[in-house]
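Since the structure comes first, as structure tokens, the remarks are kept for the end.
The values are calculated or read from the model by the stated rules, or taken from the named source; none is laboratory data. Small disclaimer: the values here were computed from a predicted structure and weren't measured. Glycine also receives a Cβ, built like all others from the backbone with ideal geometry; neighbour counts cover every protein chain displayed. Keep in mind that these areas ignore ligands, DNA and RNA; they rest on the heavy atoms of the full protein, side chains included. Shrake-Rupley method; radii C 1.70, N 1.55, O 1.52, S 1.80 Å.
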Amino acid sequence: MSRNPSPKAPSSPPVEPEIDFNVAFDDDDFRFCDYAVEDYVTLAVFWALIFVVFLQFFTRYVLGDSTTWTEEIARYLLILVGFIGSVMAVRRGTHIMVEFFYHYMPGWLSRLLNVAVEIASIAFYTMLAWITFKLAGRTGGMMISVDVPKSVLYYAVCAAFVLMAVRGLQRLVSRVLAERRQVSRRPAPSDSH
């Protein structure tokens, strides 16, 4: 007695996972109010850096005679992008930090530690602003390839540290106010005997 194999249902080809590459490039709508002054200044300095580096590349490898001032100016523009970009990072709270311990702390301790870190950061930025200001006042030399005092760069870095301290103070105040609002919204425990 032979068994007739049951007819198999036609098998469909295996389904491949659908990958939508366009989702990776979907951005939120651009709004000017989402960005601050330091964002636009950083963008302008960054584009100036791109232009200077391209000019350096073009004159060296295409024309065969490098422009002398481009290397020094590119170095100083890169320094400015780093420090002004740090103001953006302070405002957004995106500086590098160790988050491991926060996951294992009670909520009150992590909030207290966040406030302590903000206060220490503000003190650090203020101290560096003062040191950079004093250094800029003592710097009397000129840049090598252009006739601009080096103190201009130090004053710009000092301004960046001042802005970092201001943005840090804004973050601290907003954090404390948010904590107070959250505490005031909690229902009071009822005393029932």
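Points to keep in mind about this one:
- Here region 136-154 is scanned for amide nitrogen atoms under 12 Å from the site 7 Å beyond the Cα of Trp69 along Cα-to-Cβ, giving 143-149.
- Overall Cα dimensions of region 32-146, principal axis frame, Å, largest first: 63, 34, 29
- Placing +1 on each Lys and Arg Cβ and -1 on each Asp and Glu Cβ, with no other charges, gives region 57-148 a dipole about its Cα centre of roughly 280 debye.
- Once the C-beta distance of Ala116 and Met143 is scaled by a Förster radius of 41 Å, the resulting FRET efficiency is 0.50 to the nearest 0.05.
- By accessible area with a 1.4 Å probe, ligands and nucleic acids excluded, highest first: order of Val37, Val53: Val37, Val53
- Under 5 Å, built H, 5+ apart or other chain: amide partners of Met142: Lys150
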